[in-house]
Every structure is written in C-alpha cells, then in structure tokens.
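To start, the structure itself, in structure tokens.
Only the coordinates and a few stated rules stand behind these numbers; no lab work does. A quick note: this is a predicted structure, and the numbers were derived from the prediction, not measured. We place every Cβ from the backbone using ideal geometry, glycine too, and count neighbours over all the protein chains shown.
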Amino acid sequence: MSARTLLDKLWDAHQVVAETAATPGVLYIDLHLVHEVTSPQAFDELRSRGLTVRRRDRTLATLDHSTPTLPADADGRRPYYTPEAESQVAKLEANVAEFGVDLLGWDSPDRGIVHVAGPEVGATHPGMTIVCGDSHTATHGAFGALAFGIGTTEVGHVLATQCLLQRKPRSLAIHVEGQLQRGVTAKDLILHIIGQIGIGGGTGHVIEYRGSTIRSLSMEERMTVCNMSIEAGARAGLIAPDDTTFSWLEGRQRAPKGAAWDKAVAHWRTLASDEGAKYDQDVHIDASTITPSVTYGTHPGMVVPIAGNVPKAADALEQKALDYMRVTAGKPMTGEHVDVVFVGSCTNARLSDLHAAAGILRGRKVADHVRMLVVPGSEKVRREAEAAGLHEVFLAAGAEWREPGCSMCIAMNGDLARPGQLVVSTSNRNFEGRQGKGARTVLASPLVAAASAVAGVIADPRDYLDQEAAA
Amino acid sequence: MSSSRPLAYVHSRTAVLANENIDTDRIIPARFLTTTERTGLGKHAFEDWRYLADGSDNPEFALNKPAARGCHIIVAGRNFGCGSSREHAPWALLDYGITAVISSEIADIFRGNALKNGLLAVVVSAAEHRWLLEHPGIELRIDVAAGSIRLPDGGEIRFELDEFSRHCLLNGVDQLGFLLQQDNAITAFEKNLEQAA
C-alpha cells in the first residue's frame, strides 16, 4: 500500500460505503456530541418519523450555549437571559430523557462547554470520527480524531443512523518548526497561521498540524490550535497522537481500561502519516518568529503582531472593517482603550489558560474602567481552578468569576458587550456583532487578555512577564 | 423536513452583497438561535445589517433597495457563509425568500447545510463572479440539471455541482431516507468494529 496520511487512515477506517461519482460515501461516526442549540429540530425529525437514537452509547449531550453563567438563586431558579433560552435547555433535557441519551446536565460534576467537557471525561479518543452541531468540533482533532462540525439536518442523520454522507476532503499539512518564544502561546500560533493562510485558506481541506513545535505542545495547547481550524475555513484539524496524548487520556472515566487500554494504545501508535505521504498542500511556519498576536479587524485572518502596526487597508471593504473597529492604519494596536476583557470559550478556558491569566493578575488590579469576565470551560476546570486558588486571584483583581459555559464567545446567554465597546477576548471569532450588537472584538491569548485588563489598554504581556522575571 | 421541495430552476433578478467573508453571525445573529423551530427566522436574516437602530429598514442595505424587492438570488462576495455550523443561516435565507446564493467561494459547512435544505449554493469562477458583482439587478435563470446560469444577453455561466447534490435538489430527495436504506451495511460495519475491539 502506498504511503497514507493520517487523514487517509482515519477516513479508510470509517468508510461504511465508499463514495462514487454519483453518491457520497457513508462515513461511520464513533462519537456524537450534542448541545441545546443545534439539536431540537433534529430530535423533532426523529420523533416525526418514529425513529430512535441508533447508538445511545456513542451519543453524549451537554448544556453550554444558552446557559447563564451566574448562579441559581436560593430557590434553584437560574437567571436565564430569555424565556426562549430556558425553554431550549428544557427541550434538550426532555429530549435526552425521551431518547435515552446521556446528558452532562446541571446536576453533573462534568458539565461544561462541549469541546472542553468531552475530552475531559475521556470521551474523545485517538482514531475516532467525532461530530457535533458546532463548528469548533475541530478541537477534538488534537487527539488524532477526525472531528468536524455539522448542521442540524446532519445531527438528525447521525442520531438515526450513526452515519453521514460525506465526500473526502483534501489534505493540508502545516509544518511548524522552531521554538515558541516567551510570552507566545498556542493561541498566538494559531492566530499567526490563520493570518498567513487566510480565513478561506483551509476551505475544502482537513489540516494536519505537524512538526517539532506541535510535538512539544501540551494537550491543552493542541486543543487551542485545532479549535480554530474552522477559522481558516478547514472543517477539521488533526494532530497525530503520541505519548503526550496517551498520558493525558489515561485514567479518565470514558477512556479504555486495563488490557483494552494497552490494545488501544498499540493501535493509536499507528495513527500517524506515513513517511513520504503526500498532502494536497503544504505550508511551512517558523514558530521562532511569532510574537504575541492580536486581531485588528472583523475576521480572524486580520492578525497583527502585538508590537506591530495596523496594516493599510487593501480595499474599501477592509477599510470598512478598520472603521468598524475604530483603528487606524499605521498606528499600533497596543494602547487602544479596552472596555471588556473576556477569558473563556472552547478555545481558551482550560486550567492552563486560567493559570496563565492568573499569573499576570496576581497582585495586580484590573483597571477601573475595565469589566473582566473569567468563565471556566467546565465544572471540572472550575473545581480545579478554585482548588488552586485562582478564583481568589481573579476576584481580588476585580474580575468576575463565573459558572462554566460558552458565555461571551457567542453572547447568546446575556453575557455580552454594549455597542461600541472594545472586548479583548480569548475566544475564536471577531465578526461584527459577535459579542453583542456593535461590539468590537480583539482576539488574543489569555496572557494578552490579562495584561490588557490590568493596563486598561491593549498591552504586551511580555512587559508583565519581564517584571516578574526581574522581581 | 429533511427532504426539501424539488428545485429545478431559479429565475430572478440578483441582489448584490459585495462584502467578502459574510459570516453566519451576519446572516443570523446568535441571539436568535434559541429557537427550537426551523421556520420563522426570515424576519431576522441579516438583522444587524438590514435594520437601523430604531428598527426601520436600513436604506443602504442592498436587499432593502426597491430594485431588490422580490429577488431570490444573492450574488455575494468571496467566502460567503464562513463561521459557524448553524443551519439557522440557510433556514433564515430561505424563509426570507432567497433560493440561490452565488459566489466565487462558499464556506464548506454552510454550503452543505444549504444544499440539504434546497438553497442552491453556486460557486463560479473569479472572473464570472466579478462580472456578476458589477451587474446587480440582472435577470438570471439558473438551471440545476444543466449546471448553468443563463444571462440576459443569452450568454451562459457553467457551474459545478456534485451529482448527488444535483439529484437531491432536482428530486427533493430525503437524504435521511437514503441513509436509513444503508442499514445492512451499517450493521455489518458495527459488527466488525465490535470484533476488532
């Protein structure tokens, strides 16, 4: 057999029926993650046809998008933003009860953002196909799983048949070599990559992130990188599993145990692209040249080094983006007035992200005019952060410490910015109005976010890290 | 409603939204995603672009211009539909009366969602795209079976559409029904999976 890429191996292993010129292939799905926003119409479809969920054991639901991040009152009533949000959550609770699907619900110690909680409970394994009605499903590719977002019609297809009709995407290898400099995180790396290849650069492709830099990343950092593959237009991002992956996964409640674990690991070790495998496209990135980076426009490909200046608009549409953001070509992003700082989302709300932000906030204060929200990615992250005292650091600095959820990343639950406010956000999208109508979003790492919260303006975290080093 | 109604032709004037990278948050802002229905989203399509702060129509928005009333075809800037997987985006467009979107590049997930709902997502070459962007309001006749767009002067633009999507659009095929018919193959596949485990 000729040399195969990781994508080839995953695809071949899940083909129920091969594609032909006339019809797409039938692809088997190992794990289907479900949340309240993109599933109700799919469950309705099943109900109207008298169908059941084919594999309850391969389906796992959570509540995250429409959920409030403020606690319930003394009577247990949760402060939902709207009655619709509350009824959407109630509908998922009713659907999982009716169809017999596991739910990481309000009473679960494992509830969280679907792409934080899924890996945490050990549901995400190397070699799997994983889908969810959510474009950031690419996150799970960090484990060497082929994971991608689907629409609600397809959610219904998977619930009913555990399969999808798919044509095989093309492959794009992003080779990253060189050491990340101090103050430069996985978030800066992926923002830099999107800035390089553009937000349509991965369309029609699955990205495989490769190279020594990727190998040296922790699992949480790998998830941050894969998470934003869709921001480059790619439905999925992949990283071949290795010892970092296996040691992170071992012992988690849904991971294989005992002899099954050993057998699984032996198989997972085969899940790497073969020597000499050819990709449809190759991109090379030198990690040592990357600095902390931020977005300056209204899509995630408009990225600039934090110490750099806003680039000149290439055309009238880019100029409109600069006008919306109220930034000026030729001027630095540092020093821009900040109204809100958000640390959270499936991109950057894991324990290491909160440690990074807390490292800068410890002993410092959030600037008086800045509102800062810290929203852990899951109940487990919250517990571990509180056990480490991180919540006290955030609260002492003047930030809000919230309950887990998607929160201000998608701004469906009432956590949103006001028109015109500038938000430095560790989330994944800076589209116009994403964080509230008229809100202006600057995507950044947890280090940049924390430094900017303290400074009250967009700030380079290396200045703060230098102070610590000097102290 | 996973089978859409058959769609063979779209015959309409065009409205041009020249912006590149029109994302799914622009098409349907996230605050409207708390619906548990597929219908009724048309009134919120392009909400933050289409209405002024006082709730009145934004006269600058292309689809609000008198010439665009009754248009079923949007010619959009490159990379239309980027962003989230929300199927609410094609649902909102269909409910708003749009049956075809033409661009030089359409985001993968949006395109798949659109075609499954009978919203024709057409990708044309950069040169043809530029020409269409420069000629708003022209009458087009899109022929799904032929994979062609007829221009007012009789000229023609060809577009690619995979056979299965074409078949599904033309016949309103129920893709879930198609998958359910694969039950034997799926069961055999699952048996192999369990034996390997």
Revision key, fill the gap. Using the Kirkwood radius over Cα pairs of the stretch A:106-242, the Stokes-Einstein translational diffusion coefficient at 20 °C and 1.002 mPa s, in µm²/s and rounded to a whole number, is 140 µm²/s
**Study point:** Listed residue (B:I73, A:L31, A:A13) projecting farthest to the positive dipole end of the protein assembly as shown, Cβ model
**Key:** B:I73
Review point. When Cβ neighbours within 10 Å are restricted to other protein chains, what is their mean count per residue of peptide A:442-451?
Key: 0
Revision key, fill the gap. The stretch A:187-340, convex hull of Cα, quarter of hull surface, nm² -> 11.9 nm²
Exercise for review: For chain B, with a Gaussian network of springs between Cα atoms less than 10 Å apart, report the residue from B:D23, B:D95, B:D153 with the top mean-square fluctuation.
Suggested key: B:D153
Point to revise | Highest-fluctuation residue, B:P59, B:P90, B:P136 considered, GNM on chain B with Cα pairs under 10 Å | key: B:P59
Point to revise | Fraction of antiparallel bridges per DSSP, the protein assembly as shown only, in percent to nearest 5 | key: 30 percent
Point to revise | Bins of 5 Å, starting at 0 and running to the largest distance - Cα pair percent for the stretch A:271-407 | key: 2, 9, 14, 15, 14, 14, 14, 9, 6, 3, 1, 0
Review point. Placing +1 at every Lys and Arg Cβ and -1 at every Asp and Glu Cβ, with all other atoms neutral, what dipole size does the stretch A:36-188 have around its Cα centre, in debye to the nearest 20?
Key: 700 debye
Point to revise | Cα shape, the stretch A:329-471, gyration tensor, a/c 1.5 rule | key: oblate
Check your understanding: How do A:L189, B:L161, B:L140 line up, fewest other C-beta atoms within 10 Å first?
Key -> B:L161, B:L140, A:L189
Point to revise | the stretch A:342-382: equivalent-ellipsoid semi-axes (sqrt of 5 x gyration tensor eigenvalues, Cα, Å) | key: 19, 12, 8
Check your understanding: Taking chain B as a Gaussian network, Cα atoms linked when under 10 Å apart, which of B:W91, B:W131, B:W49 shows the biggest mean-square fluctuation?
Key -> B:W131
Review point. How much FRET efficiency would the formula 1/(1 + (r/R0)^6) give for A:D280 and A:S218, where r is the Cβ-Cβ distance and R0 is 35 Å, rounded to 0.05?
Key: 0.75
Review point. Leaving out same-chain residues fewer than 8 places away, which aspartates and glutamates sit with a Cα under 12 Å from that of A:K9?
Key: A:D274
**Study point:** Cα centre as origin, Lys/Arg/Asp/Glu Cβ charges: the protein assembly as shown dipole, Debye
**Key:** 340 debye
Review point. Using mean Cβ contacts within 10 Å as the protection proxy, how do A:153-162, B:65-74 order, highest first?
Key: A:153-162, B:65-74
Study note, to complete from the structure: Taking every residue of A:266-278, the Cβ atoms of other protein chains inside 10 Å of its Cβ average out to 0
Review point. Cα-based Rg of the protein assembly as shown per 2.2 N^0.38 Å, rounded to two decimals?
Key: 0.91
Study note, to complete from the structure: Semi-axes in Å, largest first, for the stretch B:1-149 (Cα gyration tensor, √(5λ)) are 22, 19, 14
**Study point:** Backbone HN-Hα couplings from phi across the stretch A:425-437 [Karplus 6.51/-1.76/1.60, Hz, Gly and Pro as x]
**Key:** 10, 8, 7, 10, 9, 10, 4, 3, x, 4, 9, x, 4
Revision key, fill the gap. Here the whole-number average of other chain Cβ atoms within 10 Å per Cβ of B:105-117 is 5
Practice item. Mind running the shape call on the stretch B:9-54? Use the C-alpha gyration tensor, a ≥ b ≥ c as the square roots of the eigenvalues: rounded below 1.5 for a/c, prolate if a/b tops b/c, oblate otherwise. Key: oblate
Point to revise | Extension gain (nm, one decimal) between A:L70 and A:T20, 0.36 nm per residue minus Cα-Cα | key: 12.9 nm
